[in-house]
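The block underneath contains the structure these notes are about, expressed in structure tokens.
The values are calculated or read from the model by the stated rules, or taken from the named source; none is laboratory data. The shown structure was predicted, so the numbers you read here are calculated from the model rather than taken from an experiment. Heads up, the Cβs are rebuilt from the backbone with ideal geometry, glycines too, and the neighbour counts pull from every protein chain shown. Surface areas here come from the heavy atoms of the whole protein model, side chains and all, with no ligands, DNA or RNA. Shrake-Rupley method; radii C 1.70, N 1.55, O 1.52, S 1.80 Å.
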Amino acid sequence: MRYAREHIRRYWAFSYRRALGISMLTFAIALAIGMTFTAVLSSFLYVNIAAEFAFWLLLIVITTIVLVSSLISAHISTVRYMDEYEHKIHSKYTGAWIVVLAIGAIAFFLPVLFFNNYIEPLVFLFSFGGVLWVFYLSVLLIFRHTYHEIAFSALALWVIFAVGMFALYSSNNLYAVGIQQSANIARFSLFLSMISLITIFGVTGMALVFNSSNAFVSEIKYLMNAMESETKPRTTTHRRARAKRH
């Protein structure tokens with residue numbers, strides 16, 4: 001964001017941090033609701049696959065709408081204060097950033113297709129962590145800004161993925177397991193993956209929202225101090241002028 005003025009850079013960082021925090025919190029809440037619904041539904045003798053699919057589809061749609069609307073709102077609220085030169089360059093950089101994110105998401109979710117069913121949930125941790133790394137590095141390289149909360153969450157997902165894979169490979173021969181063992185591994189992988197995603201995305205989302213609120217408060221304090229520093233000399237000069245007249 002070197003092409004933009006200082007106050008626009010600061011506002012851009014604030015607005016996108018808030019949008020990311022809201023999106024990650026929404027994802028964590030939606031995933032928790034979906035897992036709870038699936039657990040409750042699976043306790044019945046008759047499982048309605050259509051109802052479960054429709055419920056998950058609704059959660060995905062809601063999460064996608066929140067993510068897209070939050071990022072679009074952050075973009076629009078930022079470019080509103082840009083001049084023509086800043087707007088032109090920022091639009092070009094934003095387009096390149098979206099392309100990088102799309103390519104990164106496709107690249108990191110492709111490995112899911114090459115693993116068996118009981119390891120697949122753990123691979124999702126690797127995929128989500130990879131997408132977060134792409135997001136962090138792309139913002140750093142394109143916009144010269146860092147969201148350290150994203151880096152910590154990506155690292156945490158990859159650490160949990162590595163630990164989970166090590167635990168599975170060290171305790172079982174994954175290529176020679178029985179049906180019952182395969183079911184137990186699948187349940188362990190799914191439980192570890194869902195709990196990790198809900199916890200890490202929820203904590204990261206709250207951290208982003210909290211830090212964006214702190215940044216907003218800091219900006220207000222900065223403006224108030226600047227206004228007070230401008231007012232004090234005027235007040236002192238006015239008092240001296242009154243004293244001379246009297």
Original post:
For the stretch 137-152, what does the Karplus curve 6.51 cos²θ - 1.76 cosθ + 1.60, with θ = phi - 60°, yield as ³J(HN,Hα) per residue in whole Hz, taken in order and with x for Gly and Pro?
Top reply: 5, 5, 5, 5, 7, 8, 9, 6, 9, 10, 10, 5, 4, 5, 5, 5
Subject >> Pair residue 199, residue 2: separation of 7 Å Cα→Cβ label points (nm) >> reply: 4.1 nm
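How would you order 34-41, 153-160 from highest to lowest mean count of nearby Cβ atoms within 10 Å?
On the way: 34-41: 13.8, 153-160: 19.8.
Listed from highest to lowest mean packing, they are 153-160, 34-41.
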**OP:** For a quick protection proxy, order the peptides 56-66, 125-135 by their average other-Cβ count within 10 Å, most packed first.
**Re:** 125-135, 56-66
Original post:
Which whole-Hz couplings ³J(HN,Hα) result when phi for each residue of the stretch 96-105 is put into the Karplus expression 6.51 cos²θ - 1.76 cosθ + 1.60, θ = phi - 60°, listed in order with x for Gly and Pro?
Top reply: 4, 5, 5, 5, 4, 5, 5, 5, x, 5
Original post:
If you plug each phi of the stretch 86-92 into the Karplus form 6.51 cos²θ - 1.76 cosθ + 1.60 with θ = phi - 60°, what whole-Hz ³J(HN,Hα) values come out, in order, with x for Gly and Pro?
Top reply: 5, 4, 5, 5, 5, 5, 5
Original post:
Hey, if we sort 124, 152 by accessible area with the 1.4 Å probe, largest down, what's the order?
Top reply: 152, 124
**OP:** Describe numerically, in nm with one decimal, the distance between label points set 7 Å from Cα along Cα→Cβ at residue 94 and at residue 188.
**Re:** 4.7 nm
